1. In this structure, does ILE41 turn out to be within 25 Å of PHE129 (Cβ to Cβ), at pLDDT 90 or above and out of contact with any Cys (no Cβ under 7 Å at 6 or more places or on another chain)?
2. Among LEU48, LEU66, which is among the aliphatic types (A, V, I, L, M), closer than 29 Å to ALA127 by Cα, out of contact with any Pro (no Cβ under 6 Å at 6 or more places or on another chain) and in a helix (DSSP H, G or I)?
3. Please tell me if LEU31 is more than 30 Å from PHE135 (Cα to Cα) and at pLDDT 95 or above.
4. Among PHE135, PHE116, PHE103, which is the only one that is of a type in the set (Phe, Trp, Tyr) and in contact with a Phe, Trp or Tyr (Cβ under 8 Å, 6 or more places away or on another chain)?
Amino acid sequence: MAARSQLPGMRLFLWLRNASLRIGVITGVYLSFVFVAWLLIANRLPQLQPFAGIRNLAAAVTFLLLMLIPVLRFRREPVRMFVAGLTAWTLLTLTYIGMEMNFSLLESRMGAFHIFMLGGITYVFVAVFHWVFLFCAEVRHQHVAQAAHGPVTASRPSSH
């Protein structure tokens, strides 16, 4: 049996017995790290200003890829996907609040509540979409299985 691959840093969070929370915390740490790095590079390295578009694109793509961790890990369990995603996004929001203290103009761009709702609603939509998709796939599977067994006929008394 092949061993399940783990995300870097996962061993630090093995004390969390709930897999949804564990994946959510590690994803939140990753998202927070990317956010802080993005913010520091944008504000503390003025020589990279000509590459701002590329920097922002790279950070956005990295964010999207990291947001997929809970989605792909719990693709068959929408509730656990939502819990993991919301946990990750909550940690990112707390990091955002912490960074607002150092970068005063950050709040004027987008408030912490706005950031939280942006991620929360995204994960709600993805989880609901997966739930509906799984429901439709199950109904389709049952329909195909029933059709493969042939029509069910009830024995009716003959009226002779």
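The values are calculated or read from the model by the stated rules, or taken from the named source; none is laboratory data. Values in this document were obtained by computation on a predicted structure and should not be read as measured data. Neighbour counts run over all protein chains shown; Cβ positions are idealised from the backbone, glycine included.
1. no
2. Every option except LEU66 fails the conditions.
3. Working: more than 30 Å from PHE135 (Cα to Cα): yes; at pLDDT 95 or above: yes.
When the stated conditions are applied, LEU31 passes them.
4. PHE116
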